[in-house]
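Encoded as C-alpha cells, the structure appears first; notes follow it.
Any read-out appearing in this document is the output of simple, stated calculations on the displayed coordinates, not a laboratory observation. Because the structure is predicted, anything quoted here is derived from the model rather than measured. Glycine gets a Cβ as well: all are built from the backbone with ideal geometry, and neighbour counts include every protein chain shown.
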Amino acid sequence: MSAARGRFAPSPTGDLHLGNARTALLAWLDARSQGGVFVLRMEDLDPQRSRPAAAVQILDDLKWLGLDWEEGPDLGGAFAPYEQSRRAEIYRVAVERLLDDGRAFRCSCSRADVARAAGAPHASEEGARYPGTCRAGPAQPGGPTAVRLRVDAGSVSFVDRVAGAQSFDVAAAGDFVMQRADGVAAYQLAVAVDDAAMGITRVVRGDDLLSSTPRQLLVYRALGLPPPEFAHVPLLVGADGQRLAKRGGALALGALRARGVRPERLVGWLAATAGVGDGQAAQPGELVAGFRIDRVVREPAVVTESALAEL
Ligand code: GLU
C-alpha cells in the first residue's frame, strides 16, 4: 500500500476564516494520523477572482495555526507547480485527451442558451440541466467553445468516510463544463486532475463540496485515473445557521490574530467543535494520537458570539 497523502486546497479569493481553518486542521490531522504527507495546493484557477495577496496571507495564517506541509507553493515538491494558475498546460492536455477519446465535446452555448433550451428562461446554468444541444457538434461553429464532459444516464455511488454511503443521479447535472469558453479549466476538472497527479489518497474537505464529488468521480473515470477516498466534514455555521463563509470579516483568522487570540487556543477550540480533544489549548501535533476522521462530529457546529469572545 502506498503512503497516505492528504491535502488542503484553498481558493485565494478572500481571507482564511474559522471554517476553512477547521477544515485545514482536520485534513492535516487525518494525514498525520496516517503517518502521511500533507500537500498544500493553491486553487487560484480563476484569474478574475483570485488575489495573490490572499494566497500569501492564507499560507501565513496556516503556519500561524501550527500546520505544516511537505509540498506546496512555497516549498515546491515532486509534483510542482502547486498553484493551479501555473498548471494550465496540464489541464489543457487532459481536456484534449477527453476530446480525442470522445468523452467530451465542444459546446458553443452561452448560459442564457442553456437556460432557454432547458425551458427555464430565468434559471442560472446551475439550475438548468444542459439539454445536450452541442453533443453532435457545436450549434454555432467558428466561435468560442467551452468543453463539456459527456454524462450518460446512471448514478454514481461512493462511501464517504464521514457522510457515509452516497448515491447521486448524475444525469440530473447534465453534461458539465471541463473548460470554459475563455480557455480556463473548470474546477471539477482541475481538482480531479490535480489530486490524481499529486498522488492524493485522502481528500478531507467541507461538506459544501459533497455534491461535487460525483462529478469529479466521473472525471476520474473518463480519464482512467484512480480516485482518492473522500471525507466531507460538516461546516461551521453561525448562530443564524448561515455558513461562516457568508459572514463578515470578524471571523477571518487575521481579525482573530489582531485581537490577540493565541493559535493553541484556537486549535484546541476548533478541534473540540469537531469532537476532537478536550477543548484545552493544544498544538496540532498534540491532537494526532488516536485521531480518526470517521469519528468527527457529523452535525454542523454552531459558533456563538460568546464562544468567540472567550477565545
Ligand atoms: N478550492 C476549493 C475551495 O476552497 C476546495 C477544493 C477541494 O477541497 O476540493 O472551496
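This model, with +1 at the C-beta of Lys and Arg and -1 at the C-beta of Asp and Glu, gives the chain a dipole about its Cα centre of some 400 debye. With both labels modelled 7 Å from their Cα along Cα-to-Cβ, the D240 to D68 distance reads 4.1 nm.
Among the GluC sites (Glu not before Pro) found in segment 12-108, those both in a DSSP coil and sparsely packed, with 16 or fewer other Cβ atoms within 10 Å of their Cβ, are E70.
Can you list, largest first and rounded to whole Å, the semi-axes you get for the chain by taking the square root of 5 times each eigenvalue of its Cα gyration tensor?
Values: eigenvalues 251, 86, 72 Å².
After scaling each eigenvalue by five and taking roots: 35, 21, 19 Å.
Legend: P(r) of segment 85-222 from all alpha carbon pair distances, 10 Å bins from 0, whole percents, reading 11, 40, 36, 12, 1. Counted over the chain, the DSSP beta bridges are approximately 50% antiparallel. Dipole of the chain computed with +1 at Lys/Arg Cβ and -1 at Asp/Glu Cβ about the Cα centre; of S108, P73, V276, farthest Cα towards the positive end is S108.
Multiply the residue gap between A181 and R150 by 0.36 nm, knock off their C-alpha separation, and tell me the result in nm, one decimal place.
Numbers: separation 31, 0.36 × 31 = 11.16 nm, distance 1.66 nm.
Going from the current span to full extension adds 9.5 nm.
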